[in-house]
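In what follows, a single structure is set out as structure tokens and then discussed.
The values are calculated or read from the model by the stated rules, or taken from the named source; none is laboratory data. Just so it is clear, the structure is predicted and the values come from calculations on it, not from any experiment. As a convention, Cβ positions derive from the backbone with ideal geometry for all residues, glycine included, and neighbour counts pool all protein chains shown.
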Amino acid sequence: MDFWFFLIQVLNGVQYGLLLFLVASGLTLIFGIMGIINLAHGAFYMLGAYLAYWLAGVTGSLIAAVLLSLPIAAAIGYVIEALLVRTLYRRDHLDQVLLTYGLILIFNEATRITWGADVHGVPVPAALNWSIKLTETLSYPVYRLLLSAVCAVLAVGMYLVISRTRFGMWVRAGASNRDMVAALGINVKLLFGVVFAIGAALAGLAGAISTPITSVAPGMGDSVLILCFVVVVIGGVGSIKGAFLGAMLIGLADTFGKVFVPDFASFTVYGVMAAVLLWKPRGLFS
Amino acid sequence: MTALPKRLSLILLALLAALALFPAWGPLAFTVKYAFLLQKLTGIMILAILAMSLDLLVGVAGLVSLGHAAFFGLGGYMLALLSPQYEAANLWVVLPAAMGAVALASAVVGFLAIRTAGIYFIMVTLAFGQMGYYFFNDSKLAGGSDGAYIYVKPVVEAFGITLVNLESKQAFFFAVLGCLVAVYLLLRVVLASPFGRVLAAIGVNEGRVRGLGFDPMAYKLVAFAIAGALAGLAGFLAATQYGFVSPAMLGWHQSGHVLVMVILGGMGTLFGPILGAFILELAHFGLEAVTEHWLLPMGMLVIAIVLALPKGVAGLLLQWCGTSETLVERGAIEAPGAPRRSQGSESDRPALEGQTRPKEGGQ
Amino acid sequence: MSVSPFLFETRSLTKAFGGLIAVNSVSIGFREREAHAIIGPNGAGKSTFVNLLTGHLPASGGHVMFKGADITRQPAHKVARLGIGRSYQKTNVFPTFTCFENCRLAAQSHLATSMRFLRPAAAYREISAKASEALERAGLASRAGRIAGTMSYGEQRQLEIAMVLATAPQVLVLDEPLAGMGKEESEGMVGLLQELAQVYTLILIEHDMDAVFAIAKVLSVMVNGTLLESGPLDQIRASKAVQDAYLGDGAEAY
């Protein structure tokens, strides 16, 4: 395998990893801070994709669609948190799993009802539809690089917010001790609502910007969700650092797995997870 | 062996009788639809066996596995793989082989999974389940995503005489019913045994179990093997019934579906999951007849059940039949010779914080 | 190798959590059938020490010896099987089981292995007998059929003891058995512990000084993870160092 081919796989792996990180970070934050396993998190990814698809059709611009879908996804996330998720806080994991499982069924079907069961595609915006030539035969799509860049910027931004801002401090405090944070006078309800909404928006963004390279179909959030679980488990629940490392690991494992063992590509991902858990049963950063 | 209130035992026996006699009263009540319903009931009974096997893990040991369907599917695929293409397989050979293989796989998965706890365990089992799904979906081992067919059902023979003709829908119905009852009785025996008592204790307070001198890991592992083998049996029966297996049998939608059956029915009671299977499947049947978008009301039903019936239907029945305790004792088997359970004045004490496992109690 | 006079002992036992040294090179010897209390202010490391003794926590250094054998690396369930029984500071019973079943399960540890699947647990009459005996000993015979979680706090503490007795250990390690008890309940528990001290090797963690003086013959005082002094009751009571550190200025009377 020559260098350029290898490089392309690495770039793909990193890009996939960054996308996974965007979704997984929301999942791990929600669990770390609110103690909720949200199986329906993948639904936000799907929602973002569908919003982008729909708005791109309406506005004619994917970029506008992505920007518009963000606040919509956040708002929907906030509403869902207020209406349903709030009932889960004091319940145990089993109830959360089942309740959010029920939500998945509802979301997937609602999507099917609203937009039909067909698979849709979204074209890459014309301005970004070119490739960087690497060799005579190989080139790399600029859109994918942009995707990675956006995710990377968001990742850095998230790190800065969590570690440097007051809001980030509340988030970290809430992750350690929810009741204490409430006792200190911080509006925990609002905090949770905002965190959930941000998680939803991040997942939605990931879905939206990935539409040109994946297909839009009902239930598309399910496979992403499972991988995010693997990422969160590997990284350690509640840890953003862990989610990042886990996402990179999975993104690369999946990409290289598809290249070397196409029949067992998915295996490599779960194999990595099993290996990590044998070594550290609570994830890398627990 | 039974500690169920008498009224409840009678109700359950009556339901069993109604089920067993369906080939008698069914044709009269349903005429044309009878054949279809017979098959439907057979399918539900198979899922009930699967649900009971999961209950051993979830309801008794407190191990919430979201990947249990993988063993169900594996059992079915074992039949597909072991059956000669256009001939019947010998049940005495393929069934033990299938169950053995699944038990082994389950033990391996269990060995890795029990190193984790809580949410990690749930996610890990989910991921292993998906591993199973992708294994059969992506590889060419057995038809890939298209699935595989079993053209001829296995034969059940002894000394050249056919004992049970599995091709006959009626005979198969009774065979499955027999399995259902056998599995239930087997699990009741296991729950009443020293092993079962330790397992139930692990589900209530694992830390204390350790402090008393039992190694929880060993018991969980064995539970995994047993639950896996029984799930494999269910899968084997399903494959026999439909003559077809597909990767979806191993997927997490199937796993989630079974878990809902266990919870809806009432976990830890064994009979609860049977009821749960029937209720959920009949609800599916009913909803699908009304709308093609039946998953939507189904999702709402799942949510409503979780919110309204924390102890499931079995919990409701137990309460109604005289036990005023709102605490459903895991694997409720009493030692005869033990003093009769008395109702304390605080018997309305609220149930334990969900069914939360205390975190490594005793630290 | 000289035979140790101690049935159960620790040698320079240490536990560090990262930079925090919770138990610092503690060496205590427990003689057979001697009631030995470990006292000290909160945060002294007593509970950690107990967890190390019973295998619930792995030690960072030092040794735990039982009957001359090194059991430092043994996990909790193996330590229990050796005959070292333990009760917990925070009530740690099986709340959904009856009192009887709680003790019966404890007594079941007498079986060489509980990996038995066919014969009902109830059919093991000797086990059930041991359970009834333990309940009787702890004064809970009349409560046998009650669901443990529905009993009063004091009764649940009694069940804690009953469960440990049902395992018929040689050594009883009791972590604050009187925790949270009222005056009357405490008196009952002290009486029980005094009886048990005649039969078992008792290791007691307690804050209630009245109880300690009524039960224990030997005291070990821990402060900030280190063993301050260890010796007969009178010696400790008279010790200036102990009074300064602990007993003197307002002993934590819980």
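Below is a table of values for the structure above.
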read-out: Output for the range B:135-155, where each listed residue is farther than 15 Å from B:ALA88 by Cα and assigned to a loop (DSSP other than H, G, I, E, B); value: B:SER139, B:LYS140, B:LEU141, B:ALA142, B:GLY143, B:GLY147
read-out: Checklist (1) within 14 Å of chain A (Cβ to nearest Cβ); (2) surrounded by 18 or more Cβ atoms within 10 Å (Cβ to Cβ) applied to B:LEU56, failing item; value: (1)
read-out: The range C:103-153, residues that are in contact with a Gly (Cβ under 9 Å, 6 or more places away or on another chain), loosely packed, with under 15 Cβ neighbours inside 10 Å and within 8 Å of chain B (Cβ to nearest Cβ); value: C:ARG125
read-out: Within the range A:96-139, considering residues that are aliphatic (A, V, I, L, M), in contact with a strand residue (DSSP E or B) (Cβ under 7 Å, 6 or more places away or on another chain) and surrounded by 13 or more Cβ atoms within 10 Å (Cβ to Cβ), the one nearest to the other protein chains (Cβ to nearest Cβ); value: A:VAL122
read-out: Single match in B:PHE244, B:PHE271, B:PHE278 (criterion: surrounded by fewer than 21 Cβ atoms within 10 Å (Cβ to Cβ), among the aromatic types (Phe, Trp, Tyr) and in contact with a helix residue (DSSP H, G or I) (Cβ under 9 Å, 6 or more places away or on another chain)); value: B:PHE244
read-out: Of all residues making up the range C:68-107, the number that are in contact with a Leu (Cβ under 8 Å, 6 or more places away or on another chain) and over 26 Å from C:ALA22 (Cα atoms); value: 11
read-out: Residue under evaluation C:PRO75, criteria (1) touching a helix residue (DSSP H, G or I) at 6+ places or on another chain (Cβ under 7 Å); (2) surrounded by fewer than 24 Cβ atoms within 10 Å (Cβ to Cβ); (3) at the interface with another protein chain (Cβ under 8 Å from one of its Cβ atoms), criterion not met; value: (1)
read-out: Sole exception among (1) within 28 Å of C:LEU118 (Cβ to Cβ); (2) surrounded by fewer than 18 Cβ atoms within 10 Å (Cβ to Cβ); (3) of a type outside the set (Gly, Ala, Ser) for B:PHE159, by number; value: (1)
read-out: Selection within the range B:43-102 - modelled with pLDDT of 95 or more and of a type in the set (D, E, K, R); value: B:ASP55
read-out: Residues of the range A:83-93 classified as surrounded by fewer than 20 Cβ atoms within 10 Å (Cβ to Cβ) and in contact with a helix residue (DSSP H, G or I) (Cβ under 6 Å, 6 or more places away or on another chain), total; value: 0
read-out: Residue in the range B:304-315 that is in a helix (DSSP H, G or I), farther than 23 Å from C:THR96 by Cα and at pLDDT 95 or above present; value: no
read-out: So C:ARG237, is it among the charged types (D, E, K, R) and within 30 Å of B:PHE214 (Cα to Cα); value: no
read-out: A:LEU202 being touching a strand residue (DSSP E or B) at 6+ places or on another chain (Cβ under 9 Å), surrounded by 14 or more Cβ atoms within 10 Å (Cβ to Cβ), of a type outside the set (Gly, Ala, Ser) and more than 14 Å from every other protein chain (Cβ to nearest Cβ); value: no
read-out: Residue within the range A:72-90 that is over 27 Å from A:PHE192 (Cα atoms), basic (Lys, Arg) and assigned to a helix (DSSP H, G or I) present; value: no
read-out: Hits in the range B:165-217 (condition: in contact with a Pro (Cβ under 8 Å, 6 or more places away or on another chain), within 11 Å of chain C (Cβ to nearest Cβ), touching a residue at least 60 places away in the same chain (Cβ under 8 Å) and hydrophobic (A, V, I, L, M, F, W, C)); value: B:VAL189, B:ALA192, B:ILE202, B:VAL204
read-out: Condition check for A:VAL272: within 11 Å of chain B (Cβ to nearest Cβ), surrounded by 19 or more Cβ atoms within 10 Å (Cβ to Cβ), farther than 23 Å from A:TYR45 by Cα and more than 16 Å from the chain's Cα centre (by Cα); value: yes
read-out: Complete set of residues in the range C:179-205 that are assigned to a loop (DSSP other than H, G, I, E, B) and either in contact (Cβ under 8 Å) with a residue 40 or more places away in the chain or surrounded by fewer than 17 Cβ atoms within 10 Å (Cβ to Cβ) (or both); value: C:ALA179, C:GLY180, C:GLY182, C:TYR200
read-out: Verdict on A:ALA74 being closer than 30 Å to B:VAL302 by Cα, in contact with a helix residue (DSSP H, G or I) (Cβ under 7 Å, 6 or more places away or on another chain) and of a type in the set (Gly, Ala, Ser); value: yes
read-out: Test for B:THR31: is it over 14 Å from the mean Cα position of the chain (by Cα), in a helix (DSSP H, G or I) and touching a residue at least 60 places away in the same chain (Cβ under 8 Å); value: no
read-out: Residues of the range B:265-296 satisfying the condition of being farther than 23 Å from B:LYS33 by Cα and more than 9 Å from chain A (Cβ to nearest Cβ); value: B:GLY265, B:GLY266, B:GLY268, B:THR269, B:LEU270, B:PHE271, B:GLY272, B:PRO273, B:ILE274, B:GLY276
read-out: Tabulated pairs, the range A:141-166, first in contact (Cβ under 8 Å) with a residue 12 or more places away in the chain, second basic (Lys, Arg) and in a helix (DSSP H, G or I), C-beta under 7 angstrom, 6+ apart or interchain; value: A:ILE162/A:ARG172
read-out: Qualifying positions in the range A:252-282 - among the charged types (D, E, K, R) and farther than 13 Å from A:ILE234 by Cβ; value: A:LYS258, A:ASP263
read-out: Those strands (runs of 3 or more DSSP E) lying entirely in the range C:1-106 with at least 2 residues closer than 29 Å to C:SER152 by Cβ; value: C:35-39, C:84-87
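Yes or no, residue by residue, for (1) modelled with pLDDT under 90; (2) under 18 Å from the mean Cα position of the chain (by Cα); (3) in a loop (DSSP other than H, G, I, E, B):
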| site | (1), (2), (3) |
| --- | --- |
| B:LEU259 | no, yes, no |
| B:LEU275 | no, yes, no |
| B:MET300 | no, no, no |
| B:THR323 | yes, no, yes |
| B:ARG341 | yes, no, yes |
